[in-house]
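For reference, the structure I am asking about is given below.
The values are calculated or read from the model by the stated rules, or taken from the named source; none is laboratory data. Quantities reported herein were computed from a predicted structural model and do not represent experimental measurements. Note: ideal-geometry Cβ built from the backbone for every residue, glycine included; neighbour counts use all protein chains shown. Protein only, heavy atoms only, side chains kept; ligands, DNA and RNA dropped before computing areas. Shrake-Rupley method; radii C 1.70, N 1.55, O 1.52, S 1.80 Å.
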Amino acid sequence: MAIDSLVLGAGQEVGKSCVVVTINGKRIMFDCGMHMGHLDHQRYPDFSLIPKPEPDPNFDHALTCIIITHFHLDHVGALPYFTEVCGYRGPIYMTYPTKALAPIMLEDYRKVMVERRGEEEQFSSDHIAECMKKVIPVDLKQTVQVDKDLQIRAYYAGHVLGAAMFYAKVGDAAMVYTGDYNMTPDRHLGAAQIERLNLDLLISESTYGTTIRDSKYAREREFLRAVHKCVAGGGKVLIPTFALGRAQELCILLEDYWERMNLKVPIYFSAGLTLQANMYYKMLISWTSQKVKETYSTRNAFDFKNAHKFDRSMINAPGPCVLFATPGMISGGFSLEVFKHWAPSEMNLVTLPGYCVAGTIGHKLMSGKPTKIDLDKDTQIDVRCQIHHLSFSPHTDAKGIMDLIKFLSPKNVILVHGEKPKMATLKGKIQSELGIQCHDPANNETVSISSTHYVKALASDAFIRSCSNPNFKFSKGSQEDEHGSNSRNNNFTPRLRVSDERVAEGVLVMERNKKAKVVHQDELLLMLGEKKHQVQFAYCCPVDIGHLGETKSSTTNDGQLCKSETCSRLLRQLSAKLSNEFSQGNIQDFEDHLQVESFHVSICLKNNCPYRLMDVQNKSQEVAFFCCSWGMADEKLAWKIISICQNFNVHQHKQGCL
């Protein structure tokens, strides 16, 4: 079985997140976002690539469900278009906060694009309302049975209010799609939290795949210093943010600083959108950070005393101020309108607190300090204001990504939502440091990986007996007596060694039209009609025995010993030598040969042994040959014994053995 991941968006780019995953026959769309940097056909994912049953022109039977991780437009912006225009009527899952906040974001975007910029309407207010009726909200760690095979579960992701990672399991195959997440807590949200899971696949964002952030407190000090300097000089500060997330984080920071410094400079929110969002933050306090929850009984962190609603007529009003204007990235809307008026003044400051997608004004400002920006062929903006970029992004950094992957230890990783060169660097790091297969597909590419599949199998009687019944092997072993190492020179009786060689592993046999079965390894040979084959090594090792043949022995014409009595004496001497060298070994004496594990040694009486590598040239020299054989598993042991044989000195043992 395989897990197929079709990347329709956020493949080697940041924007329009959308991944369609087919897992054991179930097809899930994770996120349905739009690209903030495009106004043409590239704005939405190419939904035509999703396989559909032939008779069905819509997507009802093409997808099992849709899962939305959070309310940002690059993750939910195309959802009303897909459901109400393309015709998907199946279930949609998201958390309770996402269901509450997504329609606010979608309606604000629709107003900006249609009512203010005059673009063709992609979806209406009614479409947004009808789309939200299909949504099934879920709680964190709630296991939801989508159908009899597919179950999903949400985990806290940090990032923004209501953001969640989603776990999906079909049969034995399991995966996690992270969406956007943050592995470190901030002022109003906690860090991502997830359990250890047995995963075939992890699909992770990689926005900051090569960035290691410095101290959060150092960044906050730098931000506050820049804002204070600007307003102290009479300037205006524009902070382009989305209504939810960074706006609340930075406003909590400024509110605290304003109180400490007793500043009277007004802080504004544009169009009342963020004020509406703040109301939801107050209602959904359980999704915020531990510090916010602990102080909630005495003070709600989202009651901003110094923040006020900003009216369009106040754009050119004199005096300093701080303005949070939507949307972020200065991709259009009110933030762009204010930027046109404030950018020409050197007294003013534009501070960009997060990531800006290529193609937006924010991205152009981050890429350098331009003096002019062409908005379109007829409009040019004179840029003389101060530009300040500081990462207050709610995305995790490279360390956080590596920590999550290491913690979950999935079999495979797919990286999305990142820039191509940075993703390639992170991919190499994951593979080299963690040893996990990693992919970084482009848009409209499919990645297929193998999934886990457990098989219920029968067990043969022989296999069960081999696992449950003892299979004792008895042998005599020479070992040191517990009285001390010198005891080996005394005539102690070798102890009986007992080993249990029962089989703990079997062989899985899967035959067509039959149930899978685990059999004993010997049974498999019978089933296949094969004999057991073993690889054996052999070597005929020469030993100089000097004039041992003069003691009641006779030799053949080629000088090799042949009398059984002398052969027996040589084996006894070798046995004594091996007993000294292998005090804990299992040396077995079978009269005509010795055996240690699979190593077998005997006196070779052949004139032309095929395992002999030398002939005796000196006829006066008395030579014996130890013929050795062993199995592959004991190769190291074998060459140690052969080394002992080659250095075997008969004369040292003659007194004690002859």
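In terms of the ratio Rg/(2.2 N^0.38 Å) built on C-alpha atoms, what value belongs to the chain?
Normalised by 2.2 N^0.38 Å, the Cα Rg of the chain equals 1.50.
Another question, if that's okay. Taking +1 at the Cβ of each Lys and Arg and -1 at the Cβ of each Asp and Glu, which of Asn24, Ile203, Leu408 sits farthest along the dipole of the chain towards its positive end, judged by Cα position relative to the Cα centre?
So the residue furthest toward the plus end is Leu408.
Of Lys169/Lys422; Lys148/Lys169; Lys406/Lys429, which sit over 20 Å apart, Cα to Cα?
Lys169/Lys422
Shifting gears a bit: Read phi for every residue in segment 43-50 and hand back ³J(HN,Hα) as whole Hz from Karplus 6.51 cos²θ - 1.76 cosθ + 1.60, θ = phi - 60°, with x for Gly and Pro.
With the stated coefficients, segment 43-50 comes to 4, 10, x, 7, 5, 5, 7, 6 Hz.
Turning to a different aspect of this structure: What order do you get for 637-643, 513-519, 103-109 when each peptide is scored by the mean count of other beta carbon atoms within 10 Å, highest first?
The packing order, highest mean first, is 103-109, 637-643, 513-519.
Name the residue farthest towards the positive end of the dipole of the chain from the options Ala164, His520, Thr446, assuming +1 on Cβ of Lys and Arg, -1 on Cβ of Asp and Glu, about the Cα centre.
Going by the Cα projections, it comes out as Ala164.
Would you pull out the residues with amide H under 5 Å of Arg612's amide H, same chain only if 5 or more places away, H placed 1.01 Å from N?
Cys540
What residues have an amide H closer than 5 Å to that of Thr184, excluding those fewer than 5 places away on the same chain, when H is modeled at 1.01 Å from N in the peptide plane?
Ala192
Using a Cα-Cα cut-off of under 17 Å, which lysines could be cross-linked to Lys372, ignoring same-chain neighbours fewer than 8 residues away?
Qualifying lysines at Cα under 17 Å: Lys340, Lys364.
Given a cut-off of under 8 Å on Cα pairs at least six residues apart, what relative contact order in percent is computed for the chain?
12
Can you tell me the relative contact order of segment 148-305? Whole percent, Cα pairs under 8 Å, sequence separation 6 or more.
This gives 21 percent for segment 148-305.
Mind ordering 423-429, 127-133, 371-377 by average Cβ neighbours within 10 Å, highest first?
423-429, 127-133, 371-377
Sticking with this one: In percent, what relative contact order does segment 351-438 have, based on Cα pairs under 8 Å that are 6 or more apart in sequence?
Relative contact order comes out at 24 percent.
Dipole magnitude of the chain about its Cα centre, charges +1 at Lys/Arg Cβ and -1 at Asp/Glu Cβ only, in debye to the nearest 20?
Using only the charged Cβ atoms, the result is roughly 1060 debye.
On the protein heavy atoms, probe 1.4 angstrom, tell me the percent of accessible surface of the chain carried by carbon and sulfur.
Carbon and sulfur: 49 percent of the exposed surface of the chain.
Separate question: What is the distance in Å between the Cα centres of segment 54-123 and segment 210-269?
One Cα centre to the other: 33 Å.
For Asn444, list long-range residues whose amide hydrogen, built 1.01 Å from N in the peptide plane, is under 5 Å from its own amide hydrogen.
For Asn444, whose amide H was placed from the backbone, the distant partners under 5 Å are Val7, Leu8, Gly9.
Give the lysines reachable from Lys577 as a straight Cα distance under 24 Å; neighbours fewer than 8 places away on the same chain don't count.
Lys476, Lys552, Lys563, Lys636, Lys640, Lys654
Next question. Run down the aspartates and glutamates and flag those whose C-alpha is under 19 Å from the C-alpha of Lys99, throwing out any fewer than 8 positions away in its chain.
Within the straight-line cut-off, Lys99 pairs with Asp31, Asp74, Glu84, Glu107, Asp108, Asp126, Glu130, Asp139, Asp180.
Could you order the peptides 530-539, 315-324, 18-27, 572-581 from most to least packed, using the average number of other C-beta atoms within 10 Å per residue?
Ranked from most to least packed, the peptides come out as 18-27, 572-581, 315-324, 530-539.
Shifting gears a bit: Could you tally the net charge around Ala442, taking each other residue with its Cβ under 15 Å from the Cβ of Ala442, Lys/Arg +1 and Asp/Glu -1?
With Lys, Arg at +1 and Asp, Glu at -1, the net is -1.
What whole-number distance in Å separates the alpha-carbon centres of segment 158-202 and segment 401-466?
Using only Cα atoms, the two centres lie 16 Å from each other.
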